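All remarks here apply to the structure that follows.
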Amino acid sequence: MGRPPVIASALPRRLCSEPPTWEFAGLRIRRYTPHDHRAVFALHQECLFQVGLRPGDGVYYDDDFTNIEEVYLRGRGEFLVGEVSGQVAALGGLRRVDDLTAEMVRLRVRPDLQGRGYGAALVTVLEQRAAELGCRRLRADTTVKQRVAIALYRSYGWREIAREATGDTVTVFYEKRLE
């Protein structure tokens, strides 16, 4: 029973405006609730460990996870969770920088579910939410170790604006203007 084929042209389908909810190929995307905290943090750690990032490396940080509601939801941003069969399988957030700019952060997909288009679905939904929240510019960063994320950002028209080395890790910074 292999993976289902990725349907590149398929878009997440909006199910509800408030709270925002979408569906894409078995992935239900919805707003984070405090009940999700443990699973969200575990997925975050699993995905970073997968690419060799560890606490104390100068790149890895997780201080926002103790305050998701404040940092994202009450901070004029968004934090979304994707579920497959009722289990947290993906996540991503928008952290406000200023009135017109947000950072797309914490884009994660459970390793055994990668390659199904779930990351692309999250990027699509987060870009849509950013526009709905009045953002005109998005920023993001990833590391050169996260090749799939680099390819994903490029495929969505994000422009590389800088690179920065921290120890053995190179962080790549991106920006996208929303129309």
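A few remarks follow.
- Using θ = phi - 60° and Karplus 6.51 cos²θ - 1.76 cosθ + 1.60, couplings along the stretch 169-177 (whole Hz; Gly, Pro as x): 10, 10, 9, 10, 9, 10, 9, 9, 8
- Take every pair of alpha-carbon atoms less than 8 Å apart whose residues are at least six positions apart; their mean separation over the length of the chain yields a relative contact order of 18 percent.
- GNM top mover of 93, 82, 26 - the chain, alpha-carbon springs below 10 Å: 26
- Estimated 222 nm signal from helices in the chain, with DSSP H stretches of n ≥ 4 weighted -39500 (n - 2.57), rounded to 500: -6500 deg cm²/dmol
- Subtracting the Cα-Cα distance of residue 98 and residue 41 from their residue separation scaled by 0.36 nm leaves 17.9 nm.
Every number here is computed from the coordinates shown, using simple stated rules; none is lab data. Here the structure is a predicted model, which is why all the values come from computation and not from measurement.
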